[in-house]
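Peer 1: Please see the structure below; I have some questions.
What follows is calculated from the coordinates using simple rules that are stated; it is not laboratory data. Please read these numbers as outputs of a predicted model, since none were measured by experiment. Reconstructed Cβ throughout: ideal geometry from the backbone, glycine too, with neighbour counts over all protein chains shown.
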Amino acid sequence: MTDIEIRTDFIQLDQFLKLARAVPSGGMVKELLSGGGILRNGEPETARRRKLVSGDVVAVDGIGVYRVVRI
């Protein structure tokens, strides 16, 4: 699991995955979501702009697992 630091109270899922360098673009996030390739806190995620907060864990199929950490 890789910790990704944010300086705000929340971050949108698509922005978070780009920050983590898990995806190169928002379009790839959309594709992964439609195929069930993203889990948030162990549950399938469907919303590209879901607000993530510190402690949320995002797993991207075949790419990695990332945790939101607020600094």
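Peer 1: Among residues belonging to segment 8-34 that are buried (at least 17 other Cβ atoms within 10 Å of the Cβ) and of a type in the set (Gly, Ala, Ser), point out the one that is farthest from Gly64 (Cα to Cα).
Peer 2: Ala20
Peer 1: Oh, and also: Does segment 35-52 hold any residues that are surrounded by fewer than 12 Cβ atoms within 10 Å (Cβ to Cβ) and among the acidic types (Asp, Glu), and which are they?
Peer 2: Glu43
Peer 1: Tell me which residues, restricted to segment 9-27, are touching a residue at least 40 places away in the same chain (Cβ under 8 Å) and among the hydrophobic types (A, V, I, L, M, F, W, C).
Peer 2: Phe10, Ile11, Leu13, Phe16, Leu17, Ala20, Ala22, Val23
Peer 1: If you don't mind, there's one more thing I want to ask. If you go through segment 1-22, how many residues are in contact with a Gly (Cβ under 9 Å, 6 or more places away or on another chain) and in a strand (DSSP E or B)?
Peer 2: Qualifying residue count for the region: 1.
Peer 1: Quick one: which of Arg48, Arg67 is charged (D, E, K, R) and over 19 Å from Met1 (Cβ atoms)?
Peer 2: Going through Arg48, Arg67 in turn, just one is charged (D, E, K, R) and over 19 Å from Met1 (Cβ atoms): Arg48.
Peer 1: Could you tell me which of the residues Gly62, Gly55 is assigned to a loop (DSSP other than H, G, I, E, B), touching a residue at least 24 places away in the same chain (Cβ under 8 Å) and surrounded by fewer than 17 Cβ atoms within 10 Å (Cβ to Cβ)?
Peer 2: Going through Gly62, Gly55 in turn, just one is assigned to a loop (DSSP other than H, G, I, E, B), touching a residue at least 24 places away in the same chain (Cβ under 8 Å) and surrounded by fewer than 17 Cβ atoms within 10 Å (Cβ to Cβ): Gly62.
Peer 1: If I filter segment 28-48 for residues that are in contact with a helix residue (DSSP H, G or I) (Cβ under 6 Å, 6 or more places away or on another chain), part of a strand (DSSP E or B) and touching a residue at least 12 places away in the same chain (Cβ under 8 Å), do I get at least one hit?
Peer 2: Looking through segment 28-48, at least one residue is in contact with a helix residue (DSSP H, G or I) (Cβ under 6 Å, 6 or more places away or on another chain), part of a strand (DSSP E or B) and touching a residue at least 12 places away in the same chain (Cβ under 8 Å).
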